[in-house]
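What follows is a short report on a single structure.
The values are calculated or read from the model by the stated rules, or taken from the named source; none is laboratory data. Note that the structure is predicted; figures quoted are calculated from it, not measured. All Cβ positions, glycine included, derive from the backbone under ideal geometry; neighbour counts span all protein chains shown.
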Amino acid sequence: MNKKISAYIEMTKPRIMTLVLVTTALGYYLGGQGINSWLQFVYLLIASGLVCGGSSVLNHYLERDYDAKMNRTKNRPIPSGIISPNNALQFGIILTLIGVFILYTKINILTSFLGLLTTFLYVLVYTPMKRVSWFNTTVGAVPGAIPPLGGWAAATGTLDFNAGMLFLIMFIWQHPHFYAIAWMLKEDYKRGGFQMLPLVENGKQKTFTQILWYSIILIPVSVVPTLTGLSGYIYCVGSIVLGLLLFYTSWSFIKSGSIEDARNLLKATVYYLPVLLFFIIIDVQF
């Protein structure tokens, strides 16, 4: 029984859920200039977690046959036989619907729409596109960048330019992050039949170009919240330093193309986001 419970939890992808909840909370905090209603905030996080978890379970369900071919994923709950495909499908749908229902009844219709849109894009657009086009990474970055919009909409009932900038930062950041993963696991993705950028014609050069440009663009875009008054100079300086460090790590990977430097780039992107969010919070406080 404990093994099955662990398997159900694993299918919700707790690490991704943690990132979603943190960025959702950030959007709520910045949109409302603080936590104006702790009850609403708790409802938001619970519902967002359910929607995210349900979407992840549905992703497991749709990719079960492909996961079985890859070393990295062959021991996931469905390919390993711990959870049946039918049970996973039902579980994913129930989690998603409950989450959207809570967002609609306890938050507002805009936030519930964003939650439903995230599920639609992640499950029904991004997931099948992974087997069709390398552009899946950019498409997948859209639902990955929606959570702060959901938080902002929950706090304000609307979306504005500043909310859009939070979305754009998240959208750009995901490219070097996921291209580093794609480079490290390209052989495994090939076995699974996924059309990742490193596997296409001239994939090496295209991957390096994408990482380079997104790393460069991230620096000026991350400064915009200071120009609009959403954050101050602590964040501004911090975002520039972080952006330059990420660019340096990207450039090191581009020069070598090694798995080790790809792993270093992945680590840099993992550290980048929470530190950037920390600078935003510090700036708002002081």
In the range 48-67, is there at least one residue being over 23 Å from I5 (Cα atoms), touching a residue at least 40 places away in the same chain (Cβ under 8 Å) and in a loop (DSSP other than H, G, I, E, B)? no
The residue from K190, K206 that alone is in a helix (DSSP H, G or I), basic (K, R) and under 15 Å from F135 (Cα atoms) is K206
Residue satisfying condition, being farther than 30 Å from V42 by Cβ and out of contact with any Lys or Arg (no Cβ under 6 Å at 6 or more places or on another chain), within set V142, V221: V221
When the residues of the range 30-61 are narrowed to those that are surrounded by fewer than 19 Cβ atoms within 10 Å (Cβ to Cβ) and among the aliphatic types (A, V, I, L, M), which ends up farthest from the chain's Cα centre (by Cα)? L39
Among the residues of the range 80-87, are any assigned by TED's automatic domain parsing to the domain that holds G151, touching a residue at least 12 places away in the same chain (Cβ under 8 Å) and assigned to a helix (DSSP H, G or I)? yes
Being farther than 26 Å from L26 by Cα and buried (at least 20 other Cβ atoms within 10 Å of the Cβ), is that true of even one residue in the range 254-276? yes
Take L114 and tell me if it is surrounded by 20 or more Cβ atoms within 10 Å (Cβ to Cβ), touching a residue at least 40 places away in the same chain (Cβ under 8 Å) and either β-branched (V, I, T) or touching a helix residue (DSSP H, G or I) at 6+ places or on another chain (Cβ under 9 Å) (or both). no
Condition set of a type in the set (V, I, T) and under 21 Å from G229 (Cα atoms), scope the range 126-171, selection surrounded by the fewest Cβ atoms within 10 Å (Cβ to Cβ): answer is T158
Looking at L245, L230, which one is assigned to a helix (DSSP H, G or I), of a type in the set (A, V, I, L, M, F, W, C), touching a helix residue (DSSP H, G or I) at 6+ places or on another chain (Cβ under 8 Å) and outside the structural domain of I16 (by TED's automatic domain parsing)? L245
Looking at V241, V284, V221, which is the one that is loosely packed, with under 15 Cβ neighbours inside 10 Å and either within 18 Å of F178 (Cβ to Cβ) or out of contact with any strand residue (DSSP E or B) (no Cβ under 8 Å at 6 or more places or on another chain) (or both)? V241
